[in-house]
Amino acid sequence: MSTLVVDDHLWAYAHDAVRGVVGTAVGAGQRWATSRVNVIVDAPPASLTVAAGGFADPTVTLWIAEGRALRAADTAALEIPAPPDLDHNASLIDDLGLDRVADHGVWLAEINGIEVARVGHRMDDPDGPTGIEIGVGAYDQFASAALTQDRNDAEVLERVAAMVRPHRIAGAEPHPIGRLVRSRWLRAQVCRTPEQIGATELAPIPISVPRPGLVESQPAAALGHGDDGRVLAVFSVGVDLGVAEEIAVLGRHHGVDRAVLVSPARDLHPRIVDSLGAVMIPTSTVAVEGEWAG
């Protein structure tokens, strides 16, 4: 992202309009004490147009580059596909005691945040009937489906879960599986004890864009209630300078009364904490250490 400050306005150009560019630009605008942040993109997804309206100080305007001209982006409705109706495949997740989590048109079977199966339209037949894909993440699921014929889904899923579970428990020895998607692990951990962030109940929700994979770092989110109303919790592990954007998007989309950023103490970087002050929704931070070791 390239930036330029003119008077008290910051201009930022992001060739790739990906999650986090608005939040990162807001942080840069705060460092330069600007009153407005202008973010220029080629084709913004709906999540960015919603995010732009979720900041107050500095305010944000999203622009679309059309040749040498700029056009203010219209706010588009954020659409998150609902998972399929519950069927025997979804029930299989429940029967094995796995966490069933809705995520952009599918049900995910998770063990402390790591995906071991998904129920929805098959990756090789997006218009066909729903089915279950088993494996750790999308690539493993694709390979498993290609190599395994006439399988017993319950037995295969139980076997995969048994291999993964020892590496996704509190205090487990360091292992590559334990290092993946830790923001989702932190979410699972806090959803079991929501009172530690001032909520009486908390349930996982999708973030604004589909998760690209198990290695890429993305926040996780949950929605619940506290004594003071509807609560959004966003979980981040690692330094994510654009996380304020996710809070702005989901907070507006779900109409919450307040939001909480939940991270290990070392990841609550001052620039991240400062950027939360620009979000219109009252936002606080809570430091929670993950259950993992190493």
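Residues in region 58-76 that are part of a loop (DSSP other than H, G, I, E, B), out of contact with any helix residue (DSSP H, G or I) (no Cβ under 6 Å at 6 or more places or on another chain) and at pLDDT 90 or above: D74 only. Within region 1-37, restricting attention to residues that are without any contact (Cβ under 8 Å) to a residue 60 or more places away in the chain and of a type in the set (S, T, N, Q), the residue that is surrounded by the fewest Cβ atoms within 10 Å (Cβ to Cβ) is S2.
The one condition from (1) within 14 Å of A278 (Cα to Cα); (2) without any contact (Cβ under 8 Å) to a residue 40 or more places away in the chain; (3) touching a Phe, Trp or Tyr at 6+ places or on another chain (Cβ under 7 Å) that I40 does not meet is (1).
Considering S217, S183, S208, S236, the condition of being surrounded by fewer than 17 Cβ atoms within 10 Å (Cβ to Cβ), among the polar types (S, T, N, Q) and within 29 Å of V136 (Cα to Cα) is satisfied by S217 alone. Right, L78: more than 19 Å from the chain's Cα centre (by Cα) and crowded, with 18+ Cβ neighbours inside 10 Å or not? Considered against the rule, which asks whether it is more than 19 Å from the chain's Cα centre (by Cα) and crowded, with 18+ Cβ neighbours inside 10 Å, L78 comes out as no. Residues that are farther than 24 Å from G255 by Cβ and surrounded by 17 or more Cβ atoms within 10 Å (Cβ to Cβ) within region 42-75 comprise W63, I64, listed in sequence order.
To keep it simple, each residue is scored yes or no on (1) within 12 Å of the chain's Cα centre (by Cα); (2) part of a loop (DSSP other than H, G, I, E, B).
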site	(1), (2)
R211	yes, yes
Q218	yes, yes
A222	yes, no
R230	no, no
V237	yes, yes
G251	no, no
V260	no, no
V273	no, no
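The residues of region 161-180 that are part of a helix (DSSP H, G or I) and either out of contact with any Gly (no Cβ under 6 Å at 6 or more places or on another chain) or more than 15 Å from G290 (Cβ to Cβ) (or both), listed by number, are A161, A162, M163, V164, R165, P166, P176, I177, G178, R179.
The values are calculated or read from the model by the stated rules, or taken from the named source; none is laboratory data. Note that the structure is predicted; figures quoted are calculated from it, not measured. When we count neighbours, we look across all protein chains shown, and the Cβ atoms used for this are built from the backbone with ideal geometry, even at glycine.
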